[in-house]
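**Student:** Here it is, the structure, as structure tokens.
The values are calculated or read from the model by the stated rules, or taken from the named source; none is laboratory data. Fair warning: this is a prediction, and the values are worked out from it, not measured in the lab. Here the Cβ is made from the backbone with ideal geometry for all residues, glycine too, and neighbour counts use every protein chain on show.
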Amino acid sequence: MAQQKVLLTRRWPEAVEARLGEVFDLTVNRADKPLDGDQLRTALADYDAVLPTVTDRFSPQVFDVPKTRAKILGNYGVGFSHIDLGAATASGITVTNTPDVLSECTADIAMTLMLMAARRAGEGERELRRGKWAGWRPTHMVGKKVSGATLGIVGFGRIGQAMARRAHFGFGMKIVVVNVPAVAPEVLAEYDARQVDTLDELLPQCDFVSLHCPGGAENHHLMNARRLGLMKPDAFLINTARGEVVDQQALAQALWFGTIGGAGLDVFEGEPIIPYELLGSDNLVMLPHLGSATRETREAMGFRVLDNLVDFFEGRDPRDRVN
Ligand code: 8YV
């Protein structure tokens, strides 16, 4: 396979880059900056495989290349809403992703955000660092109790279930889920979870709502002003899915006017730009898209992409094909 030309659009963990370099004719974008549309078009024309990340926007225009050499996009991540699947398929390009290997770490970050937001951890740390702590008092930085509270999980796939496991068995939380298609009763039973038919039904029942659904057009601004208004006034919204699932302006207003208790965000629409309106909210915890960011997981993601490529170029169907 050494003759297959493969492009890494960003730097990957060293061990994975080394192995990819042994197996393929590998080029790495050492600038480690997102490629623009023209660079992605050139990549599709020049390489047999392109291995994108979430920062590479494969819009329909990018696939409009006179002569495409690329046969496969091995996406480094489980979410692929940055790749227009219809256009990829029409160009005869296989797309794969990296499920399973990042579920546990992404759920860890969702738990981190939930605990930090509810217990005002970011706010407390800022106070200390600014030298503003006036000492212990009974009414100081009182947050919301997580243990035993009701957690609504929107999207009950691998990551949603990893979240349910932590919340239910670790924190005794009651789990309510909404998912399309409906979740099998035996899966719900594992977490003693209850299923509702619609998001509108789920929101008013929950103390915490954690988003684990795909991004893209189907879920664009799923959490809009009306739905934020259905949440309890002291409830928290957690998003480790995709930024576009939440209407950020509506969220900024809800946080500002206190119509919800707070929020924790790991992903943003238009990241890395953070809307100015969110920056001033003390009841908001923000992380820079760290869901899968552990050494172990980032390596596992890379090796999973490698496995998919090897299968593909040896004529087998890659296990993580998404189109
Ligand atoms: C990845 C993610 O690190 O897998 C995903 O969908 O959001 C992240 O954990 C990112 O997509 C890199 O491409």
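**Student:** Looking at (1) acidic (Asp, Glu); (2) within 16 Å of the ligand (Cβ to nearest atom); (3) out of contact with any Ser or Thr (no Cβ under 8 Å at 6 or more places or on another chain), can you tell me which one residue 200 breaks?
**Tutor:** (2)
**Student:** Still on this model: Can you name the number of the only condition in (1) surrounded by fewer than 17 Cβ atoms within 10 Å (Cβ to Cβ); (2) closer than 28 Å to residue 220 by Cβ that residue 316 fails?
**Tutor:** Result: residue 316 fails condition (2) only.
**Student:** Can you work out which of the residues in the range 270-320 that are touching a helix residue (DSSP H, G or I) at 6+ places or on another chain (Cβ under 6 Å) and of a type in the set (Val, Ile, Thr) is nearest to the ligand (Cβ to nearest atom)?
**Tutor:** So the residue we want is 297.
**Student:** Further question on the same structure: If you take the residues in the range 203-246 that are charged (D, E, K, R) and within 16 Å of the ligand (Cβ to nearest atom), which one is surrounded by the fewest Cβ atoms within 10 Å (Cβ to Cβ)?
**Tutor:** Within the range 203-246, the match that is surrounded by the fewest Cβ atoms within 10 Å (Cβ to Cβ) is 218.
**Student:** Let me ask something additional. Among the residues of the range 49-58, is there at least one that is away from the ligand (no atom under 16 Å from the Cβ), more than 19 Å from the chain's Cα centre (by Cα) and not in a helix (DSSP H, G or I)?
**Tutor:** Checked against the condition, which is being away from the ligand (no atom under 16 Å from the Cβ), more than 19 Å from the chain's Cα centre (by Cα) and not in a helix (DSSP H, G or I), the range 49-58 yields no hits at all.
**Student:** Right, another one. How many residues are more than 17 Å from residue 110 (Cβ to Cβ), of a type in the set (Gly, Ala, Ser) and not in a loop (DSSP other than H, G, I, E, B) if we restrict to the range 247-287?
**Tutor:** Of the residues in that region, 3 qualify.
**Student:** Name, by its number, the condition in (1) closer than 25 Å to residue 302 by Cβ; (2) of a type in the set (A, V, I, L, M); (3) surrounded by fewer than 18 Cβ atoms within 10 Å (Cβ to Cβ) that does not hold for residue 102.
**Tutor:** (3)
**Student:** So which residues in the range 82-94 are in contact with a Pro (Cβ under 9 Å, 6 or more places away or on another chain) and surrounded by 19 or more Cβ atoms within 10 Å (Cβ to Cβ), if there are any at all?
**Tutor:** Across the range 82-94, the qualifying residues are 83, 84, 94.
**Student:** Now, a different point. Which one is modelled with the highest pLDDT, of the residues in the range 26-48 that are among the basic types (Lys, Arg) and in a loop (DSSP other than H, G, I, E, B)?
**Tutor:** 30
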